[in-house]
1. Somewhere in segment 223-239, is a residue modelled with pLDDT of 80 or more and outside any helix (DSSP H, G or I)?
2. Out of THR146, THR140, I need the residue that is in a helix (DSSP H, G or I), among the hydroxyl-bearing types (Ser, Thr, Tyr) and over 25 Å from PHE283 (Cα atoms). Which one?
3. Of a type in the set (Ser, Thr, Tyr), modelled with pLDDT of 90 or more and either at negative phi or touching a Pro at 6+ places or on another chain (Cβ under 7 Å) (or both): is that true of SER262 in this structure?
4. Which of the following residues is part of a helix (DSSP H, G or I) and surrounded by 17 or more Cβ atoms within 10 Å (Cβ to Cβ): TYR206, TYR242?
5. Could you pull out the residue among SER288, SER274 that is closer than 17 Å to ALA238 by Cα, of a type in the set (Gly, Ala, Ser) and modelled with pLDDT of 80 or more?
6. Is it the case, given these coordinates, that GLY161 is closer than 23 Å to VAL199 by Cα and either in contact with a strand residue (DSSP E or B) (Cβ under 7 Å, 6 or more places away or on another chain) or at pLDDT 75 or above (or both)?
7. Looking at segment 4-37, which of its residues are among the basic types (Lys, Arg), assigned to a helix (DSSP H, G or I) and modelled with pLDDT under 85?
8. Given (1) in contact with a Pro (Cβ under 7 Å, 6 or more places away or on another chain); (2) modelled with pLDDT of 85 or more; (3) of a type outside the set (A, V, I, L, M, F, W, C), identify the lone condition not met by GLU145.
Amino acid sequence: MKEPIPDETLKRHFKFKDLPSLLITTAKSWFNSEPFEKSAVVAYYAILSLPGLVIIILNVVGAIWGREIVQGELLNEITKALGTETAETIRVMMVERGDTPTSVFATVIGVTVLLYGATGVFFQVQNALDKIWEAKPRFTNSIIETIFTRFKSFGFILIVGFLLLISFVLTSALSAFGNNLKRFIPESLVEFVYIFDVVISLSFIYFLFAAMFKILPNATIPWRAVRIGAALTSLLFAGGKYLLAIYFSELEPGSTYGTAGSLILIMLWVSYSSLILFFGAHFTKAYSEKYLRNQPKQVLQ
């Protein structure tokens, strides 16, 4: 069972003058952990997981918010990040999957393969985070450990779906609110409403990284360290996402690879995201070791 760690007790309070040394410590441990190799592994499994992941998210969130609406929102975000061609590839994947009638046995096998594939990327992320935290498996039996980890990865997919649903609802509400305001106040003031849209997007990213740092590793990470680490990671991710969008749209690196260009762009984007994620995890660990008396404990069964 997980043993909670009180994270209120500090060695000393964080000061901004400590930030450079903390970042240097983080950078050294990040670079020594072979982040590029790990990010390449995650990117590879992301391609294998993408069909199942998209279908599960689309059906879970679509069952509440509407499948077509969710599909449109997802494709809009993918277009902003990766471009029109990659978004079209994923759109075809959304439309053409799951519409062919099959037998019960084939359906069971298909769902099993789908779940196994969809959880693959988070399974690899957890393995990488466990190495960062030097965490041991929960179970001594490797088969039970793998099954448990896959179930936890599926649970995390549902968390992603829940956060997406909240983000879609709030964004739609703000959009409708902003359109109505245009009738009564100057357009310059309406623009402030869209600032909240950016805040919502950052909040979604923040909670996603916080959930990864807290839930995925087989170690109990103090909440105080998770909050700080997720904040830094989300800011780095948002900035990098903007720069990558410019890079993809201006230089079109995927065009060099022809029909495989969309897959290459996805792998590049996931690889970058993984590098930021691992840097944030190392920062969280460095912060925990520097400021918290109670270090993260192993989760053993």
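The values are calculated or read from the model by the stated rules, or taken from the named source; none is laboratory data. Bear in mind the structure is a predicted one, so any value in this text is a computation, not a measurement. Please note: Cβ atoms are built from the backbone with ideal geometry, for glycine as well, and neighbour counts cover all protein chains shown.
1. If we filter segment 223-239 for residues that are modelled with pLDDT of 80 or more, which is where we start, we get 223-239.
Right, trim to outside any helix (DSSP H, G or I) and you get none.
Checked against the condition, which is being modelled with pLDDT of 80 or more and outside any helix (DSSP H, G or I), segment 223-239 yields no hits at all.
2. Result: THR146 is the single residue among THR146, THR140 that is in a helix (DSSP H, G or I), among the hydroxyl-bearing types (Ser, Thr, Tyr) and over 25 Å from PHE283 (Cα atoms).
3. Criteria not met by SER262.
4. TYR206
5. That would be SER274, the only listed residue that is closer than 17 Å to ALA238 by Cα, of a type in the set (Gly, Ala, Ser) and modelled with pLDDT of 80 or more.
6. No: the conditions fail for GLY161.
7. LYS17
8. (2)
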